[in-house]
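This report refers to the structure that appears directly beneath it.
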Amino acid sequence: MSQTGPEMVTLTIDGRQVTVPKGTPIIDAALQLGIDIPHYCYDKDLSVVASCRLCLVEIEKVPKLQPSCSTPAAEGQVVYTRSDKVLDARRMQMEFLLVQHPLDCPVCDQGGECKLQDYSREHGAEDTRFHYRRRTFPKPDIGPFIDLERNRCILCSRCVRFMDEIAGNAELVVVNRGWKSHITTFQDQPLKNEFAGNTIDLCPVGALTSKVTRFRTRVWELKSKPSICSLCSVGCSIDLQHRNRTREILRVLPRLSEKVNYRWICDIGRFGFDQFNSDNRLKKPAIRINGDLQETSWANALGEIAKKLKVIVGARGGAAAGGIIGPRPSNETLFLFQQFFREILKSNNVDHRTEFIPGQQDDGFLTSIALRAVNQPFEEIRKASAVILLGTDLPNELPILHLQVRERASAGIPVYLAHHRPTRLDSVCSGVWGYRPGFETPFLADLLKKTAQKMESLLSQEMEETISSFLPGAENEAAGVSEQQVNELANILQQSNGATLLVGESMFTGKAGPVNVRLAAELAHLLSSDVGGPPPLSLLPLHNNSRGAADMGCYPHRGPGFEPIEKPGRNTAQMLEGCIDGSLQALILFNADLLNEYPDRDLARRALEKVPFLVVADAYPFSTIPYADIALPLSTHAEEDGTYTNVDGRIQRALAAVAQLEGALTGVQAILALGERWGAGWRQVNPSRIFEMIARAVPHYKDASWTDAGKGRCVAKPVNISLFQTSLSLAASSLASSYKPPLPDYPFRLVRGRFLFDDSGEKRFAPSLVSRREECWAEMHPGDAKKIGVHEGVMVSLEGVLGSIRLPARISNAAAPGCVTVLGRYDDKPVNGLTAEDQPWIKVQL
Amino acid sequence: MHEAVFKPLPKQAGRQGVKVHLTARQIKTMGWTKSLQISWAIVKGMFMTWRHLFRRPTTFNYPNRKRAQAPRFRGIHRLQRHDDGLERCVGCGLCAVVCPSDAIYLEARENTPERRVSHGERYASLYQIDMLRCIFCGFCEEACPEDAIILGADWEAASVDRRDFVYAKSRLLAPLEQKDRFRRGMTWPDESPETTPASTDLPEYYQKLQNKPA
């Protein structure tokens, strides 16, 4: 945009004047006056084709009617949108569109919100003059989510343009000519793209409808509640819609949110709502009596928990009790959970990090906070002049962020990506670099060194030493990135002033996380246009409320607002070890599917077996339930009021969409009831009161309010970094010692990653997502496969020190040599049960 | 402008006729004209009584005899069938949304090649009408795009259990042998031949029903 602003033009529409920027289509200018010109093919986010011909308007001094979507507003234009000529044209065009339409409104799911119904009522003729046999097409199957009914299609091509221009896979196409033209998928394959569901919203007629909601309700029976999607850390604004008079959620629609998801959501969020209707729920508290879990009442279960905990804490102190909460519940639940441990049990054994083992107290994410990283990926990519993605597979991790990065790329912003395997984003990137999995730190160190040399800026002494400790000569070659490639990347980085860095899960979690974050932050500092300002670095934690769990102080060594704790408790790994050696007598698992998420399944299983008193609270029967002494049923996300902090630090509120399942309590209610039962003077209050407590306890949530969170206007303030007084030593030596060479019999490195259509978390309780999920496979390099004689699709067994699984092999150049990549988490394929976390070595056998 | 004028309401007419409940003292003091008036009133009344004794009675022997209905009488609902026996209802829910007393609840499901119930892609898997809520206004009949629901001629819905008044599909659906019966004064709408499946590919469901009429 130029400094003077866009040139404005003034035109007259139906006798009223309006001033709009030059180039605005007349249809948008009319909308500013409140004049709604009927249209099918036009959508403001898609390219203009002017094919439906319904938006024709009369312009003075132009002999023929003009489509208002493709005619730009011009100075002095006089437009009529409701003249006799225009109305006549509309009526005729509606008649043409309805010539082949089956008029099966009673069985069509679009009925009630269909533009054909609306416009033919408003502008159409009363009856058809077409009394011949209508054209019919066979019905195709285009996947488990979307139903394509070609007979109803009016060929506006919105879906085709969306898939091509926004989703980035031109999977839908118009084939054939004339009256035989119809929509089909490319080569009749099922739709694969994770944004395909948005075409349902875009389709103005009933040609594309949802297979998951199909015939389960009519649109006028739906009641809508604003909510936040709970399936990744983007936190898309959605509307949860349930059928009037029932507690069944039947549709999820995106809710406009300019700063986050705009008007799109991914298929996981859109079609995964059946998890809330699942009958496979914990319905009553259960207590273990004589080795069996037996149903009981809440009062009984809570009384038993209080009694047992009092005995354990009384005899051995608070340190004998620990709590692990997953990163998914609301801020209020997370806050109360750590408050229960710190205030009532006087124990600091609280952690929310269930998916990785932090190498030191401050993990990668906390390090980034200490380094003042901005941690606002959405805000950052909107204003950055270049986007650099490190170690992230966005299409599989955060789909909506992937969409926004794609949009920036198509707007001409260069996107660079370095990851250990190719991703679907590669095609829009200006440059892609691959390194070997497990060699993130040497890669980053090398890159930082070269870039600093190129930019002729001096690194601190400490940093120089650390970098050189990571670069013992041959290590660089081992990282799989050639000298030339790193130089090339360094050259690009040197020129990209004003770039922003997004660092993915594979880089900032785990033992090397803090070091990687430190190196990335240093790199970000070099590239930042704002010298001395916060480094333009954002980490991408993956879960619904990962940010919230950190802010609420679910850490053993930091309380709410990252307040350091004098006597730190144990983290997840230490708690599990404590369970095994007997120093931890009671463990509470809250919304944490530990067996499937923890990197060392064997350790987790032994700990859960060994711990004398285990309480598991969850909505669904995860695999931890059989180990529980007391199981508590919780409400699902759709039944609970609460706030969630997304990856951008935006505090957003989700409303309860349906009534709670009888017998289940929300997380907040359950913890408050436990506190009440304990005799700590707690009593049941609304989540809004808990949020007020949070706003008082967490300094960077000070200005947030419950009402503003409901409107999505709250963003967490920058954290006061004086809380982080511990020296940021890079702990290079400890990291180096943690590096272990391959075991003699186990030559392959097991690489794990995320996969969008897998089985993880609540996804397996949504039948629609289960039907769409892709089978787990083991990806190998062709060279390795040849060596051991594995072919594509052959079942191979992956054997680690602790266990083995059998998976079909997939031979692909995407896998690095010497590595076996297994994406996704599957309940029946426990990949985390093969090896210990720091020794990811396996062997592959036929 | 015209000014409103308020007129006092006319006084209610007093009770007319003859006072017959008299005390002994009143009868003694009564004049002969008055006593004649009273006697005449009794005769008049008895004449009316005797006249009705020989008329046809207004009531009738109900369970054995039933009153004739008006041609467009709105009685208990019926879900109609097509000529081929398939259900007309496609479960669109328009009857439920138009119902002013919210008496209709239905759930829809998709027809499968193995189990075809109606002509379209969808049929009503659950269809319930609460007869205690229903006001028999006939809006459902008017809203129905498939002419599937009609208010029929039946009206005897008495029961001693409130639960009996929620009519399920089993009680509403027309029996197979009555598939072509329709209300007097109405004709079937024209059906284009291609919307009706050929009788040769009648689904198994219907064939089963044909063998075992409900």
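When the residues of segment A:212-222 are filtered to those that are in contact with a helix residue (DSSP H, G or I) (Cβ under 9 Å, 6 or more places away or on another chain) and more than 10 Å from chain B (Cβ to nearest Cβ), which remaining residue is nearest to A:D118 (Cα to Cα)?
Per the criteria, the residue is A:T213.
Residue under question is B:D102, and the condition is that it be surrounded by 11 or more Cβ atoms within 10 Å (Cβ to Cβ) and farther than 23 Å from B:Y167 by Cα; does it hold?
Criteria not met by B:D102.
Go through A:A490, A:A499, A:A445 for me and flag whichever is over 20 Å from A:A384 (Cα atoms), touching a residue at least 24 places away in the same chain (Cβ under 8 Å) and touching a helix residue (DSSP H, G or I) at 6+ places or on another chain (Cβ under 7 Å). Lay out the reasoning, then the answer.
Numbers: A:A490 fails: over 20 Å from A:A384 (Cα atoms); A:A499 fails: over 20 Å from A:A384 (Cα atoms).
Just a single option satisfies the conditions, and that option is A:A445.
Quick one: which of A:L345, A:L389, A:L417 is assigned by TED's automatic domain parsing to the domain that holds A:R328, buried (at least 23 other Cβ atoms within 10 Å of the Cβ), in contact with a strand residue (DSSP E or B) (Cβ under 6 Å, 6 or more places away or on another chain) and at pLDDT 90 or above?
Criteria check complete, one pass: A:L345.
Give the residues of segment B:80-126 that are of a type in the set (K, R) and either part of a loop (DSSP other than H, G, I, E, B) or within 11 Å of another protein chain (Cβ to nearest Cβ) (or both), sorted by residue number.
If the condition is that a residue be of a type in the set (K, R) and either part of a loop (DSSP other than H, G, I, E, B) or within 11 Å of another protein chain (Cβ to nearest Cβ) (or both), then B:R88, B:R109, B:R115, B:R116, B:R122 are the ones that fit.
Between a residue in segment A:803-820 that is without any contact (Cβ under 8 Å) to a residue 24 or more places away in the chain and any residue that is hydrophobic (A, V, I, L, M, F, W, C) and surrounded by 16 or more Cβ atoms within 10 Å (Cβ to Cβ), which pairs come within a Cβ distance under 9 Å, given they are 6 or more apart or on different chains?
Every condition considered, the pairs that remain are A:R806/A:V796; A:R806/A:L798.
Checking B:A68 against (1) part of a strand (DSSP E or B); (2) exposed (fewer than 11 other Cβ atoms within 10 Å of the Cβ): exactly one of these is not met. Which one?
Status for B:A68: all satisfied but (1).
Working only within segment B:127-146, note down all residues that are within 14 Å of another protein chain (Cβ to nearest Cβ) and open to solvent by 50 Å² or more (accessible area, probe 1.4 Å).
Answer for segment B:127-146, where residues must be within 14 Å of another protein chain (Cβ to nearest Cβ) and open to solvent by 50 Å² or more (accessible area, probe 1.4 Å): B:Q128, B:R133, B:P145, B:E146.
For segment B:167-174, state whether one or more residues are assigned to a strand (DSSP E or B), in contact (Cβ under 8 Å) with a residue 40 or more places away in the chain and within 14 Å of another protein chain (Cβ to nearest Cβ).
Looking through segment B:167-174, none of the residues is assigned to a strand (DSSP E or B), in contact (Cβ under 8 Å) with a residue 40 or more places away in the chain and within 14 Å of another protein chain (Cβ to nearest Cβ).
Give the residues of segment A:73-88 that are in contact (Cβ under 8 Å) with a residue 24 or more places away in the chain and surrounded by fewer than 19 Cβ atoms within 10 Å (Cβ to Cβ), sorted by residue number.
The answer is A:A74, A:E75, A:G76, A:V78, A:Y80, A:R82, A:S83, A:K85, A:L87.
Is there a residue in segment A:196-206 that is at pLDDT below 95, within 14 Å of another protein chain (Cβ to nearest Cβ), within 29 Å of A:E407 (Cα to Cα) and open to solvent by less than 30 Å² (accessible area, probe 1.4 Å)?
yes
Any residue at all in segment A:111-132 that's surrounded by fewer than 20 Cβ atoms within 10 Å (Cβ to Cβ), within 14 Å of another protein chain (Cβ to nearest Cβ) and either in contact with a helix residue (DSSP H, G or I) (Cβ under 6 Å, 6 or more places away or on another chain) or at positive phi (or both)?
Within segment A:111-132, one or more residues are surrounded by fewer than 20 Cβ atoms within 10 Å (Cβ to Cβ), within 14 Å of another protein chain (Cβ to nearest Cβ) and either in contact with a helix residue (DSSP H, G or I) (Cβ under 6 Å, 6 or more places away or on another chain) or at positive phi (or both).
So which of A:I166, A:I228, A:I154 ends up being among the β-branched types (V, I, T), buried (at least 24 other Cβ atoms within 10 Å of the Cβ) and more than 14 Å from chain B (Cβ to nearest Cβ)? Don't jump to the end; show me each part of the working.
Numbers: A:I166 fails: buried (at least 24 other Cβ atoms within 10 Å of the Cβ); A:I154 fails: buried (at least 24 other Cβ atoms within 10 Å of the Cβ).
Only one candidate qualifies: A:I228.
Any residue at all in segment B:51-60 that is more than 14 Å from chain A (Cβ to nearest Cβ) and either buried (at least 18 other Cβ atoms within 10 Å of the Cβ) or touching a Lys or Arg at 6+ places or on another chain (Cβ under 8 Å) (or both)?
Going residue by residue through segment B:51-60, those that are more than 14 Å from chain A (Cβ to nearest Cβ) are B:51-60.
Going one step further and asking which of them are either buried (at least 18 other Cβ atoms within 10 Å of the Cβ) or touching a Lys or Arg at 6+ places or on another chain (Cβ under 8 Å) (or both), we end up with B:60.
Yes: segment B:51-60 contains one or more residues that are more than 14 Å from chain A (Cβ to nearest Cβ) and either buried (at least 18 other Cβ atoms within 10 Å of the Cβ) or touching a Lys or Arg at 6+ places or on another chain (Cβ under 8 Å) (or both).
Residue by residue, here is whether (1) outside any strand (DSSP E or B); (2) touching a helix residue (DSSP H, G or I) at 6+ places or on another chain (Cβ under 6 Å); (3) open to solvent by 10 Å² or more (accessible area, probe 1.4 Å) holds:
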residue	(1), (2), (3)
A:A607	yes, yes, no
A:S623	yes, yes, yes
A:A631	no, yes, no
A:I651	no, yes, no
A:A656	yes, yes, yes
A:E662	yes, no, yes
A:A670	yes, no, no
A:W682	yes, yes, yes
A:E692	yes, no, yes
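Being in a helix (DSSP H, G or I) and touching an Asp or Glu at 6+ places or on another chain (Cβ under 8 Å) narrows it down to one residue among A:E355, A:E407, A:E379; which is it?
Of the residues listed, the single one that is in a helix (DSSP H, G or I) and touching an Asp or Glu at 6+ places or on another chain (Cβ under 8 Å) is A:E379.
Let me spell it out: the conditions are (1) open to solvent by less than 50 Å² (accessible area, probe 1.4 Å); (2) assigned to a strand (DSSP E or B), and A:R810 meets all of them except one. Which number is the exception?
All conditions are met except number (1).
Residues are listed down the side, and each one gets a yes or a no for (1) more than 14 Å from every other protein chain (Cβ to nearest Cβ); (2) under 30 Å from A:G168 (Cβ atoms); (3) open to solvent by less than 50 Å² (accessible area, probe 1.4 Å); (4) hydrophobic (A, V, I, L, M, F, W, C):
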| site | (1), (2), (3), (4) |
| --- | --- |
| A:K44 | yes, yes, no, no |
| A:K61 | yes, no, no, no |
| A:C69 | yes, yes, yes, yes |
| A:M94 | yes, no, yes, yes |
| A:P140 | yes, yes, yes, no |
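Which residues, counting only those in segment A:17-56, are more than 21 Å from A:L155 (Cα to Cα) and not in a loop (DSSP other than H, G, I, E, B)?
Those that are more than 21 Å from A:L155 (Cα to Cα) and not in a loop (DSSP other than H, G, I, E, B): A:Q17, A:V18, A:T19, A:V20, A:P21, A:P25, A:I26, A:D28, A:A29, A:A30, A:L31, A:Q32.
Against the conditions (1) open to solvent by 50 Å² or more (accessible area, probe 1.4 Å); (2) more than 40 Å from the chain's Cα centre (by Cα), where does A:T10 fall short? Just the number, please.
(1)
Quick test for you: out of A:P190, A:P254, pick the one residue that is crowded, with 21+ Cβ neighbours inside 10 Å and not assigned by TED's automatic domain parsing to the domain that holds A:F757. Please lay out each step first, then the result.
Values: A:P190 fails: crowded, with 21+ Cβ neighbours inside 10 Å.
It is A:P254.
Restricting to segment A:339-351, name every residue that is closer than 18 Å to A:P327 by Cβ and in contact with a Lys or Arg (Cβ under 9 Å, 6 or more places away or on another chain).
Of segment A:339-351, the ones closer than 18 Å to A:P327 by Cβ are A:339-341, A:349-351.
Those that are closer than 18 Å to A:P327 by Cβ and in contact with a Lys or Arg (Cβ under 9 Å, 6 or more places away or on another chain): A:N349, A:V350, A:D351.
The values are calculated or read from the model by the stated rules, or taken from the named source; none is laboratory data. In this text the structure is predicted, and so the values were computed from the model without any measurement. Every residue, glycine among them, receives a Cβ derived from its backbone with ideal geometry; neighbour counts consider all protein chains shown. SASA here: full protein model, heavy atoms, side chains in, ligands and nucleic acids out. Shrake-Rupley method; radii C 1.70, N 1.55, O 1.52, S 1.80 Å.
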